[in-house]
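So the structure is just underneath, and the comments pick up after that.
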2 protein chains.
Amino acid sequence: MKNNTFKIGIPLKYDDNGLITAVAQDHLTGEVLMVAYMNAEALRMTLKTGIVHYWSRSRSKLWKKGESSGHVQTVKEILVDCDGDALLLKVEQKGGACHTGYKSCFYRTADGDIIGERLFDPDEVY
Amino acid sequence: MKNNTFKIGIPLKYDDNGLITAVAQDHLTGEVLMVAYMNAEALRMTLKTGIVHYWSRSRSKLWKKGESSGHVQTVKEILVDCDGDALLLKVEQKGGACHTGYKSCFYRTADGDIIGERLFDPDEVY
């Protein structure tokens, strides 16, 4: 499947802010990498380019994941949940997903133990 | 680890509605089962009982997952993301997570193809 052939054939429900929750998962290992949000434009750009784009809620702008770090996410598969209000993005993650340098943003247990794999030093990347 | 020993040692950020996003993942297979939301009370009940509780946005009530179907989720591990605004729940899923009868709520590709495993007939369960 070519990356630019993704289509959405299922009605999606965006929330009151025009956003839909997106979970990125490593397509090979199954590791959950991050949770972020897309608006319709971010999804359109993701489908068009095959590279994941989100909507940054903190910066209120379209956010090509990896635009600063080079740690882009290439889409392998997109799944939609039963309610149509969440997406599961199976991706190939270049470098680490997390801005802290870890492979996954979920690098800590609730207790605070660090269990994630650190791949880079953010001071050298950003 | 006993199920009732989970603690949250990391500050969490709830959104304007008092909710935090929670992703449930099968602790053995890595399959992402569902995305839902917790308020502080749902999280407290989850920590206390070791059984996942969410906040139902559609019903505006505390929701013990599986309360009708018996398809409960037993917590194995809770991870917190870098921003403290999303939880990853590694769970043992009894039966199917999805009210449609599938193991995972993400049983469809964006194209609409059914790829999930159907475990039960909802008409017989609800």
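The values are calculated or read from the model by the stated rules, or taken from the named source; none is laboratory data. Nothing here was measured: the structure is a model prediction, and the numbers come from that model. Because the Cβ atoms are built from the backbone with ideal geometry, glycine has one as well, and the counts that use them run over all protein chains shown. Note: accessible area is taken over every heavy atom of the protein model, side chains too, but ligands, DNA and RNA are not part of it. Shrake-Rupley method; radii C 1.70, N 1.55, O 1.52, S 1.80 Å.
Structure data summary
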| quantity | calculated |
| --- | --- |
| Options B:A110, B:A42, B:A97, B:A86: the member that is among the aliphatic types (A, V, I, L, M), farther than 18 Å from B:A22 by Cβ and crowded, with 19+ Cβ neighbours inside 10 Å | B:A110 |
| Selection from segment B:47-66 of residues that are basic (K, R), surrounded by fewer than 18 Cβ atoms within 10 Å (Cβ to Cβ) and in a loop (DSSP other than H, G, I, E, B) | B:R57, B:R59 |
| Residues within segment B:22-45 that are at the interface with chain A (Cβ under 10 Å from one of its Cβ atoms) and more than 19 Å from A:D26 (Cβ to Cβ), tallied | 4 |
| Any hit, segment A:75-82, residues being touching a residue at least 60 places away in the same chain (Cβ under 8 Å) and under 21 Å from A:G18 (Cα atoms) | yes |
| Subset of segment B:101-126 [within 8 Å of chain A (Cβ to nearest Cβ) and over 15 Å from the mean Cα position of the chain (by Cα)] | B:Y107, B:R108, B:T109, B:A110, B:D111, B:G112, B:I115 |
| Odd one out for B:V75, checked against (1) open to solvent by less than 10 Å² (accessible area, probe 1.4 Å); (2) over 21 Å from B:Y14 (Cβ atoms) | (2) |
| The one condition in (1) more than 10 Å from chain B (Cβ to nearest Cβ); (2) part of a loop (DSSP other than H, G, I, E, B) that A:C98 fails to fulfil | (1) |
| So A:K65, is it under 11 Å from the mean Cα position of the chain (by Cα) and under 13 Å from A:L33 (Cα atoms) | yes |
| Subset tally (residues that are over 18 Å from B:Y107 (Cα atoms) and either modelled with pLDDT of 90 or more or basic (K, R) (or both)) for segment A:1-27 | 7 |
